[in-house]
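Participant: Attaching a single structure in structure tokens format; questions to follow.
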Amino acid sequence: MGSYDVIVIGGGHAGCEGALAAARMGCRTLMVTLSLETIALMPCNPAVGGPAKGHLVREVDALGGEMARNIDATCLQVRMLNTTKGPAVHALRAQADKRRYEERMRRVLEDTRNLDLRQGVVESLLTEGGRVTGVLLATGTVFAAPAVVLTTGTYLRGKIILGDLQYDGAPGGQVAPQGLSRSLKDLGLDLMRFKTGTPARVDGRTLDFSRMMEQPGDGEPLSFSFRNMPARELPDQMSCWLTHTNERTHRVIQENLHRSPLFTGQIEGTGPRYCPSIEDKVVRFADKAGHQVFLEPEGRHTLEYYVQGMSTSLPEDVQLAMLQTVEGMEKVRIIRPGYAIEYDCIEPTQLDRTLEVRGLPGLFTAGQVNGTSGYEEAAAQGILAGINAAQKARGRDMLVLDRSQAYLGVLVDDLVTKGTSEPYRMLTSRAEYRLLLRQDNADLRLTPSGYRVGLVEEKQYQAFLRKRDQVEGEIRRLGQVRVNPTPEVQEVLTRLGLGELSGPVTLERLLKRPEMDYAALKKLSGDIPPLDREVERQVEIQVKYAGYIDKQKAQVEKFLRMEKRSIPEDIDYEGVPGLRKEAREKLKKHRPRSLGQAGRISGVSPADLSILLLYLEQRSRAGRGSGP
Amino acid sequence: MFLEDTIAAIATPPGEGGIGIVRLSGPEAVQIAEKIFKPRKATFPLKSHRLHLGWVQGPQEGEIIDEVLLTVMRAPRTFTREDVVEINCHGGIVPLRRVLEATISLGARLAEPGEFTRRAFLKGRLDLAQAEGLLQVIRAKTGEGLQAALGQLEGTLSRRVREIRQEILLLLARLEAAIDFPEEEDVDEVTGRQVKAQGAGILEKVRALAEGARRGKIYRDGVETVIIGRPNVGKSSLLNALLREERAIVTEVAGTTRDQLEEYVNLAGIPLKIVDTAGIRKTRNRVEIIGVERARNLAQRGDLVIFILNAAEGIAREDREIASILQGKQVVVLLNKIDLGENIPEAEVRRLLPGAEAPIIRASLINQQGLEELELAISQLVFQGQVEGSRADFLASLRQIQALERASASLLDMLAGPLEDPDLLSIDLKAAYAALGEITGETVEDDLLDKIFAEFCIGK
Ligand SMILES: Nc1nc2c(ncn2[C@@H]2O[C@H](COP(=O)(O)OP(=O)(O)OP(=O)(O)O)[C@@H](O)[C@H]2O)c(=O)[nH]1
Ligand SMILES: [Mg+2]
């Protein structure tokens, strides 16, 4: 009934990026989704970005994805977080107008050549000779493709839990597909059951903002997309509002714990530690007098507010009672109650770093179905899976990113190497080489890869090359130009509140001084070429942090040495003498591709690693020795 | 294949009263042992973990190499987790070697240094620190050194390193939580100043550990102590006196000692590796010239120099020459032969060795006089004026000391880092954390996130 190069199942954040990537790379692509009304749905908080997540958004953009442009075009507010800390952890976050976000994304999908949208329920995956060949819809329709990307989010066998109420269902009031889980199991995939939750949405007219603290947007809002730089206009930003729970709130919760599905054992799925429900927080940190509550607008043309910080699965009457104890929310009216949701997801250690399922060529998976949480994590996996599905369909080399190249590399490596026991969230502390993986240089890190696979357009690439040349040229120039301690120079320095020069110095050295910045530098050397603010910023960071950057680069080299020691795919761990049983089991299950990866598997000790190293050494020596 | 073959070695250091053990480990250990062993009572197969009396036979018919006690220990309840056989010989070094040769002629391979321990480590029997500790036991030269090595076996070094790592981890967790959850009230903003203050305390601990480790190294390798002086001042006499045996030839002829002699002496629990040298003087004798050259080099290299002068004869020109090569060395001055007269006032010795606060000891070696003072002075120097009885309670290998030093260096870098940028401080903190992890063999870390979520109430 139609054949494509790539089929994407699901229209969430992973599905959108996956389908766009494949189609933009020139593959005939089909997106099958449960409902065309819920494309790019944001069923949880109305925000994109933040620490590590914002980095992912920039990386998606650098590879040629859509998320950054979409949020830039539809946001209500922008804030740069962590500005008191170093540039590596500066993090952009935007409040989204949910409705407009979804609408614009659907428009973009519809306007993309090679991309067909189709509403429908996928009942099962079709395979032939151990390869994926297409999908079967519940209506009996078949679509064929050599590469399929599965991005079904939290929908698989979704179960919604609210107090003692439980029903099969999915976010956005949709039906949860039941068949696909079985199909995956039949194909030999291990599934896990995860849980996540969401707070209530309330009527903005019933909130008393005068008793809350205003959280306005930045005066100079920045963009996510490198293609939208430099800064743009963002008039009429909407604020968020901060208030707190109190002892009365906690008492309501304590008194009703027996009605919480979390504590009555109705919820079996593993929930995320970084996003606990309010009942969890009250129980685990009983000595805390209050917890933060942020009220975030869901859009410009709606009354709905999202009650960030009070995720819950308590019965609706308890939800209302507890919300009404919070300052400024005494008269609150619930529009949609909070709920917990349980769903099936894939044990991600079954995947390769290309996001292709090991042992099932042609099937790629991305997003929450891989055990992650968050729109940004989903989008990032989506673009990688889309790229690789397209490469697969065209018979080209797939893209792998390692931990030193991108947060996306860290995310994927963590998932496929270690797996996860809770919905995985990207955090900056998961990245070892954080100073190299900054949000400001995502384009420098990834745009060449996006261009190589044919996703980054020529125009974007040329602009990127220009920027890169300017940065490199300017850094070179700063290293060559000297300023002399002339009276004028000393005067400028004093006026800026900086120390005087004791002799001639290069501009580079001068910029390295802690109190110096590029703007001040410009005042000292008249003939600086006019540069974009982004270029200036890049130059400043690269010069100022050169010492630390070099240090991290040295660490990366060490790391890459272990990554490059590859483990042959056909290795038989039973034949490696001396491995401990636990390590043997783990290695057999995870089948790492390199010694570096093997070392990150929990349960594989350094001793096991050296046994493996010796064994591989032995093996390669034996191989070399067997010549004539 | 590696790990698959059977290795053999003499397990006790040679020269200790002729008792020694030949140890075998590997799949063929028992088989090889049974081929050469003739038990007095026991029958084959030999019972595991028992001592069996009998003889080791030589290649010739009826030839007996030695009477031995043999122990068979079958895997996995053994040190290497492989089959192990230990053969206690007591006929001295010659039969010991011949027993070893017999095992090798039957297919065992001569073990590389430390290979038994390495196998134990590889099979997961020991962690890295324990394995290295064991190597120290094997090498430890004195009783206290042995105590220290055993201390490490029980994990003293590992335990202290773990404690320090925990402290770093907590600090990192606070830093990282503030970065990943900037809007959480529960997560206090950590200032660079706070990080540095705590980091300084951690650095102190790492340094103390490195200091202790270095002292531990002294226990293992011995303090290299070079005896230097003009010919005939009594250098060889001192060596003999310390050894309490006539090791070196002592004559009244100047230039008796032509080449250096090395011996280990246990001095208040400190192993001294004492080197007797040729007397230094102007000479035309070729052999002597070479010896003198060596003495100079040794004096440069040694940890400690004992400079002997002839108290009766006063300071000679050669003494001044010797003094000039001792600049910057730790020196103990021994004024010998005071029974013949005392013509060297202390002040002159001080002038001879400006800057050096060398202890000066008056002695008459021929009368065993001044030896106690000398021993006291040396042990005080080794412990650098520390409390009496202070001792290293763990040993560390050079690799471990280097890891400790790398951790210190990272912490120092951290202290020099920018106050306003805690994120950068965490780079060096993490490096210190990783360096310390190399000591215990733990490098892979998921602990940070666990720590963050255990410590802080996080969750928007
Ligand atoms: N009277 C007296 N004679 C001593 C004393 N110590 C050593 N002698 C004698 O001095 C002579 C030389 O002693 P050695 O120990 O051989 O001296 P050395 O420094 O090793 O000499 P070379 O090896 O020749 O450089 C011997 O005859 C010793 O008995 C002492 O305290 N008093
Ligand atoms: Mg002598």
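Participant: Could you pull out every one of the lysines with an alpha carbon less than 29 Å from that of residue A:331, ignoring same-chain neighbours closer than 8 positions?
Facilitator: Within reach: A:98, A:281, A:288, B:460.
Participant: Using unit Cβ charges (K, R positive; D, E negative) and no other charged atoms, how large, in debye to the nearest 20, is the dipole of the protein assembly as shown about its Cα centre?
Facilitator: On the way: 144 positive and 151 negative charges, 412 e Å.
With Lys and Arg at +1 and Asp and Glu at -1, about 1980 debye.
Participant: A follow-up question, please. Pull out a ≥ b ≥ c, the square roots of the eigenvalues of the alpha-carbon gyration tensor of the protein assembly as shown, then state rounded if a/c is under 1.5, prolate if not and a/b is larger than b/c, and oblate in the remaining case. Could you put the intermediate results ahead of the total?
Facilitator: Details: a/c = 2.41, a/b = 1.70, b/c = 1.42.
Taking the square roots of the gyration eigenvalues as a ≥ b ≥ c, the protein assembly as shown is prolate.
Participant: Which aspartates and glutamates have a Cα less than 17 Å from the Cα of residue A:459, not counting those fewer than 8 places away in the same chain?
Facilitator: A:61, A:66, A:443, A:469
Participant: With a 1.4 Å probe on protein heavy atoms only, work out how much accessible surface B and A bury together, total over both chains, in Å² to the nearest 100.
Facilitator: Working: alone 23070 and 26290 Å², together 45100 Å².
The contact between A and B buries close to 4300 Å².
Participant: I'd like the carbon and sulfur percentage of the solvent accessible area for region A:147-189, probe radius 1.4 Å, heavy atoms only, ligands and nucleic acids excluded. Display every interim value, and only then the final one.
Facilitator: Details: 830 of 1680 Å².
It is 49 percent, rounded to a whole number.
Participant: OK, next. Taking R0 as 22 Å, what's the FRET efficiency between residue A:581 and residue B:48 from their Cβ-Cβ distance, rounded to 0.05?
Facilitator: Numbers: r = 22 Å, r/R0 = 1.01.
Plugging the Cβ-Cβ distance into 1/(1 + (r/R0)^6) gives 0.50.
Participant: Round to a whole angstrom and tell me the spacing of the C-alpha centers of region B:165-208 and region B:24-94.
Facilitator: 57 Å
Participant: Set the Förster radius R0 to 35 Å, insert the Cβ-Cβ distance between residue B:416 and residue B:243 as r into 1/(1 + (r/R0)^6), and round the FRET efficiency to 0.05.
Facilitator: Details: r = 49 Å, r/R0 = 1.41.
In this case the efficiency is close to 0.10.
Participant: Let me ask something else about it. With the cut-off at 25 Å, report for region A:201-341 the share of all Cα pairs above it, as a whole percent.
Facilitator: For region A:201-341, the share of Cα pairs beyond 25 Å comes to 35 percent.
Participant: Only four residue types carry charge here, +1 at the Cβ of Lys and Arg and -1 at the Cβ of Asp and Glu. Report the dipole size of chain A about the Cα centre in Debye, rounded to the nearest 20.
Facilitator: On the way: 86 positive and 81 negative charges, 302 e Å.
Value, rounded to 20: 1460 debye.
Participant: Okay, moving on. Roughly how many Å² of residue A:250 are accessible to a 1.4 Å probe, to the nearest 10?
Facilitator: Spelled out: residue A:250, probe radius 1.4 Å, area about 20 Å².
Participant: Assuming R0 = 25 Å, can you tell me the calculated FRET efficiency for the pair residue B:185 and residue A:517, based on Cβ-Cβ distance, to the nearest 0.05? Could you put the intermediate results ahead of the total?
Facilitator: Values: r = 31 Å, r/R0 = 1.24.
Efficiency for this residue pair is about 0.20.
Participant: Return the tail of the calculated pair distribution for region A:458-547, meaning the percent of Cα-Cα pairs more than 16 Å apart. Before the final figure, lay out each step's value.
Facilitator: Working: 2124 of 4005 pairs.
Every Cα pair in region A:458-547 considered, those over 16 Å come to 53 percent.
Participant: Let me ask you something else. Using a 1.4 Å probe, what is the accessible area per residue for chain A, in Å²? Each step should come with its number before you reach the end.
Facilitator: On the way: 24210 Å² over 628 residues.
Accessible surface, normalised per residue, equals 39 Å².
Participant: Treat region B:7-127 as a sphere of radius equal to its Kirkwood radius over Cα pairs and apply Stokes-Einstein at 20 °C in a medium of 1.002 mPa s; give the translational diffusion coefficient in µm²/s, rounded to a whole number. Can you show the working numbers first?
Facilitator: Numbers: Rh = 14.3 Å.
Diffusion coefficient, whole number: 150 µm²/s.
Participant: Ignoring ligands, DNA and RNA, what percent of the 1.4 Å accessible area of region A:213-349 is carbon and sulfur? Don't jump to the answer; show the numbers that get you there.
Facilitator: Numbers: 2770 of 5640 Å².
Roughly 49 percent, rounded to a whole number.
Participant: Could you sort A:252, A:369 by accessible area so the largest value comes first, with the probe set to 1.4 Å?
Facilitator: On the way: A:252 30, A:369 0 Å².
Sorted by accessible area, descending: A:252, A:369.
Participant: Trypsin sites (Lys or Arg not before Pro) within region A:49-156: which are DSSP loop residues with at most 11 other Cβ atoms inside 10 Å?
Facilitator: Working: sites: A:53, A:58, A:69, A:79, A:85, A:93, A:98, A:99, A:100, A:104, A:106, A:107, A:113, A:118, A:131; in loops: A:85, A:113.
Hits after loop and neighbour filter: A:113.
Participant: Loop-only check: which GluC sites (Glu not before Pro) in region B:30-119 are DSSP coil with at most 14 other Cβ within 10 angstrom? Write down the numbers at each step before the final one.
Facilitator: On the way: sites: B:34, B:61, B:63, B:67, B:82, B:86, B:101, B:115; in loops: B:61, B:63, B:82.
Here the GluC sites (Glu not before Pro) that fit, given the DSSP loop and packing criteria, are B:61, B:63.
Participant: What does the extension gain come out to for residue A:619 and residue A:574, with contour length at 0.36 nm per residue minus their alpha carbon separation?
Facilitator: Working: separation 45, 0.36 × 45 = 16.20 nm, distance 1.45 nm.
Taking residue A:619 through residue A:574 to full extension adds about 14.8 nm, to one decimal.
Participant: Report, ordered by chain and residue number, the aspartates and glutamates lying within cross-link reach of residue A:523, taken as a straight Cα distance under 12 Å and ignoring same-chain residues fewer than 8 apart.
Facilitator: By straight Cα distance, residue A:523 reaches A:488, A:491.
Participant: Expressed as a whole number of Å, what is the distance separating the alpha-carbon centroids of region A:51-106 and region A:556-621?
Facilitator: Comparing the Cα centres of region A:556-621 and region A:51-106, I get a distance of 38 Å.
Participant: Using +1 at the C-beta of Lys and Arg and -1 at the C-beta of Asp and Glu, which of B:187, B:409, B:419 has the Cα lying farthest in the positive direction of the dipole of the protein assembly as shown?
Facilitator: Final value for the positive-end residue is B:409.
Participant: Among the GluC sites (Glu not before Pro) within region B:294-345, which fall in a DSSP loop and have no more than 14 other Cβ atoms within 10 Å of their own Cβ?
Facilitator: Values: sites: B:313, B:318, B:321, B:342; in loops: B:313, B:342.
Answer in residue order: B:342.
Participant: On to the next question. Find how many whole Å separate the alpha carbon centroid of region A:386-423 from the alpha carbon centroid of region A:165-240.
Facilitator: Cα centres, region A:165-240 to region A:386-423: 24 Å.
Participant: Given a 1.4 Å probe and heavy atoms of the protein chains only, how would you sort B:35, A:418, largest accessible area at the top?
Facilitator: B:35, A:418
Participant: Another question about this same structure. Please work out how many pairs of lysine residues in region A:544-618 are eight or more positions apart (or on different chains) and have Cα atoms closer than 23 angstrom.
Facilitator: Qualifying lysine pairs in region A:544-618: 7.
Participant: Could you order A:61, B:413 by accessible surface area, starting with the largest, using a probe radius of 1.4 Å?
Facilitator: Details: A:61 0, B:413 70 Å².
Highest to lowest solvent-accessible surface, that is B:413, A:61.
Participant: Let me ask something else about it. Enter the per residue convex hull volume of region A:385-464, computed from alpha-carbon coordinates, in Å³ rounded to the nearest integer.
Facilitator: Working: hull volume 8.6 nm³, N = 80.
Considering the Cα atoms of region A:385-464, their hull volume per residue is 107 Å³.
Participant: Right, next: For region A:201-341, give the magnitude of the charge dipole about the Cα centre (Cβ charges: +1 Lys/Arg, -1 Asp/Glu; no others), in debye to the nearest 20.
Facilitator: Details: 16 positive and 20 negative charges, 41 e Å.
For this selection, approximately 200 debye.
The values are calculated or read from the model by the stated rules, or taken from the named source; none is laboratory data. Values in this document were obtained by computation on a predicted structure and should not be read as measured data. Note that we place each Cβ from the backbone using ideal geometry, even for glycine, and neighbour counts take in every protein chain shown. Remember, those area values only see protein heavy atoms, side chains included, never the ligands or the DNA or RNA. Shrake-Rupley method; radii C 1.70, N 1.55, O 1.52, S 1.80 Å.
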